[in-house]
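Chemist: My structure is below; once you've seen it, I'll send some questions.
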Amino acid sequence: MKKYLNSFFALFVLVLVGTAFSSCTDEAYNTDPYNKSGVSILAFGPAPTERTHEIRITGTHLDKVDKVVFPADATVEEAAVSRSEFNKADAENIYVNIPDATVPGHIKLVAGGEVIESEGILTFEEPIEVTEVTPVKGLNAGDNITIKGDYVYNIASVTYTAGVTVPAEEFVSTSRREIVVPVPLAAQTGTISMTDGADWKFEYETPLEILTATCTAVSATSVEFGDQITLTGTNLHTVETVMFPGGVKSDFTVSADNKTITTTVPADCKSGSITLVLFSGQAVSSPEIAVPTISVAGISKDKDICEGDELTITGENLNRVVSVTLPGVGELAADKYTNDGTHITFTVPEGFVDGVITLKQNANISVDIQVAIRKLAGVIWQGKVDLAGWSSFGVFNWDGELYKTFQEAVTGPGDFTIHFVQTGAPAQFNFKLGDWSTAFQNPSITPEADGVFKPAPGVEDITVSLTAEEVDKMFGSGAMGFVIWGENIQVQYVKFVAAGAEALVWEGSEDMGSWSNQPYIGADTAPEFAEAGVQEGWKVRFYGEATGQWQFQVFEGHWGPNYAKWANFSPDDNDGTVQILDGAEGEVCLVLPLTQAMIDAAYTQQWWGGIFVVQGQNFVLKKVTVCPL
């Protein structure tokens, strides 16, 4: 197979004194600020030319040049002509014969300690003929290929697949009929192409098969951070980077036979496959390794959490936890929690909000635990969002889970309350639909003429009585939610109480047993009771589950009057002030109408007691609500 793609004479780029020259553009002048000599190459020629023939180099300050270095392959130390061997030279010209060992490439001038390289490359005019490339199968990076033909020493570079180029100066050897070219570490399977640096280009039609690296085994699959491990495979000298799971790089060494890599398990990785990134950009994966990893089995309480509660997280490898981060609080100081390896215990501090508790082991290993605080009656969202300099807090239809939470809660008419604290002066804000088109009106805070609410000192709520039409505009089909735009306020929670709906006061599981338990619906629920806005005539509902022949009664919160009693085996015991919705065994709902005296007594300030004392047997109390109906 023979191909001729060469013309005998390349395009002459400059004619000077009747001789063809290769010129440098303005950009090719040596403008290096450290080039104190001012030596530069402007042109050389003829181009293309022939070995052993004279070439003329033009430039500036050429009388300072000590020698001319021509490109040469790896078989010779240097193809250079010293100043004493120049045919002729002055400040603007050097005439010199091209050494026979020269290959296509850049000419260099050496002046003192400086090296000035030509922009263009030296090429030769003999017609290149390529007849054979061997071998083409089973090549490894670091092997050599032999290109045979005629005038092949005029090839300026060989390019492998994906643009990996070997210039002539890096050829292993060069002769007229044969050149030996190394296979670079970044080479991949595919065709190779060649050029003389001018017009001749040639692609060899048979693709080369270059074997990639493999990784077949690791010395251990269960490892500790800092362990030294060995990866086994083939062609591992082509590996540029060892990447542990999580994208953590590690230093490594490759064995002399290229079959093993030794490396150390970094402290910030996680379990998974090690990735070997090759010089070619390709990647090879190892068998998976497992590192000791924290895990969480549970938490003593994941909802209805209050400030001051003691929480315990149970799991494995917890001694490897380096930080505990709480929602709304941030990272706990080390002295604020205990850790015995299987239990982490801490007291819930002020500022704790809904969100996730994060246990961090390292940059790639952490565990999130979803938690929720005890909510005030009707609260949809709770947190802390500072509005300063006219920033915004919004719930928009593109907010995903947050928007869904509001949409599920606000399904009809009711009171929509945004609670805030004033953090500076002036405190002011707008409250509008999510498309900014409509401002809501609020009966308790009158907006200024410009529609901006400016609450008086101490005011902490804005309440809007939403109509069904307004609810649809906020959370109906195609609606966009709402936005508060303001300054010097901190939004802390949003509450919604549907018109005529029940508001939760307490929720839990209190088993009355056999009159042995006398739990309080205590003082800590007084805020919930107040937030519900209870009034005379409202109903308190006690939800529970009967476990046998049951009885249940309710007292004033400091063991005052007995407000009501129920018994499924003796309906006559009821005092007539209650309604038993379901008196059978199983789920039970008991209803107590509120008088003003009951409401007043609920807020009696004493060092003990609460709103109600409840007592019974064979009854599990699960929930207490208030409702205007």
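The values are calculated or read from the model by the stated rules, or taken from the named source; none is laboratory data. Just so you know, these numbers come straight off a predicted model, no measurement behind them. Cβ: placed from backbone, ideal geometry, glycine included. Neighbour counts: every protein chain shown. We work out accessible area using only protein heavy atoms, side chains counted, and drop any ligands, DNA or RNA first. Shrake-Rupley method; radii C 1.70, N 1.55, O 1.52, S 1.80 Å.
Chemist: What is the calculated FRET efficiency for residue 600 to residue 340, with r their C-beta to C-beta distance and R₀ = 45 Å, to the nearest 0.05?
Modeler: Values: r = 49 Å, r/R0 = 1.09.
The calculated FRET efficiency here is 0.40.
Chemist: Would you please classify the overall shape of the stretch 261-347 from the alpha carbon gyration tensor, given that a ≥ b ≥ c denote the square roots of the eigenvalues, rounded means a/c under 1.5, and beyond that prolate means a/b larger than b/c while oblate covers the rest?
Modeler: Working: a/c = 3.02, a/b = 2.78, b/c = 1.09.
It is prolate, given that a/c is not under 1.5 and a/b is the larger ratio.
Chemist: For labels at residue 90 and residue 108 in the simple 7 Å Cα→Cβ model, what's the distance in nm?
Modeler: Here the modelled spin labels are 2.9 nm apart.
Chemist: A follow-up question, please. Measure off, as a whole percent, the carbon and sulfur share of the 1.4 Å-probe accessible area of the stretch 351-436, all protein chains present.
Modeler: Answer for the stretch 351-436 is 49 percent, counting heavy atoms of protein chains only.
Chemist: Let me ask something else. For 622, 473, write out the residues from largest to smallest accessible area, computed with a 1.4 angstrom probe and no ligands counted.
Modeler: Of 622, 473, the descending order of accessible area is 473, 622.
Chemist: OK, next. For the stretch 97-169, what is the accessible area per residue in Å², given a 1.4 Å probe and the full set of protein chains?
Modeler: Accessible area per residue, the stretch 97-169: 34 Å².
Chemist: Using a 1.4 Å probe and counting only protein heavy atoms, arrange 243, 474 so the residue with the most accessible area comes first.
Modeler: 243, 474
Chemist: Label the stretch 178-315 by shape, choosing from rounded, prolate and oblate, from the square roots a ≥ b ≥ c of the eigenvalues of the Cα gyration tensor; if a/c is under 1.5 it is rounded, and otherwise prolate applies when a/b is larger than b/c, oblate when it is not. Write down the numbers at each step before the final one.
Modeler: Values: a/c = 4.30, a/b = 2.65, b/c = 1.63.
In terms of gyration-tensor shape, prolate.
Chemist: Heads up, I need the accessible area for residue 269: 1.4 angstrom probe, whole protein in place, Å², nearest 10.
Modeler: My reading of the accessible area for residue 269 is about 0 Å².
Chemist: Enumerate by residue number the GluC sites (Glu not before Pro) in the stretch 186-228 meeting two conditions: DSSP loop (anything except H, G, I, E, B), and at most 16 other Cβ atoms within 10 Å of the site's Cβ.
Modeler: Of the GluC sites (Glu not before Pro), the ones in loops of the stretch 186-228 whose Cβ has at most 16 other Cβ atoms within 10 Å are 205, 209, 224.
Chemist: Full-extension gain between residue 172 and residue 408, please, as 0.36 nm times their residue separation minus the C-alpha to C-alpha distance.
Modeler: Numbers: separation 236, 0.36 × 236 = 84.96 nm, distance 7.43 nm.
Length gained between residue 172 and residue 408: 77.5 nm.
Chemist: May I ask you to rank 421, 613 by accessible area, largest first, using a 1.4 Å probe over the protein chains only? Write out the running numbers ahead of the final one.
Modeler: Values: 421 35, 613 0 Å².
Putting 421, 613 in descending order of accessible area: 421, 613.
Chemist: Here's a follow-up. Once the piece of chain linking residue 535 and residue 100 is laid out straight, how much longer is it, given 0.36 nm per residue of separation minus the C-alpha distance between them?
Modeler: 145.7 nm is the gain from fully extending residue 535 to residue 100.
Chemist: Something else: Would you calculate the separation in nanometres between label points at residue 137 and residue 224, each defined as 7 Å from the Cα along the Cα-to-beta-carbon direction?
Modeler: About 5.0 nm, to one decimal.
Chemist: Sticking with this one: Between residue 454 and residue 283, what's the calculated FRET efficiency when r is the beta-carbon distance and R0 is 60 Å? Round to 0.05. Please report the intermediate quantities before stating the final value.
Modeler: Values: r = 61 Å, r/R0 = 1.01.
After rounding, the FRET efficiency stands at 0.50.
Chemist: Under a crude label model (7 Å from the Cα following the beta-carbon direction), how far is residue 325 from residue 268 in nanometres?
Modeler: Distance between the two pseudo-spin positions: 1.5 nm.
Chemist: Quick one: accessible area per residue over the stretch 290-330, 1.4 Å probe, rounded to a whole number of Å²? Walk me through the numbers on the way to the answer.
Modeler: On the way: 1940 Å² over 41 residues.
Accessible surface, normalised per residue, equals 47 Å².
Chemist: What is the mean projected area of the alpha carbon convex hull for the stretch 64-160, to one decimal in square nanometres? Before the final figure, lay out the partial values.
Modeler: Numbers: hull surface 32.6 nm².
Its average projected convex-hull area is 8.1 nm².
Chemist: To the nearest 0.05, how large is the calculated FRET efficiency for residue 63 and residue 211 if R₀ is 60 Å and r is the Cβ-Cβ distance?
Modeler: Once the sixth-power term is evaluated, E becomes 0.65.
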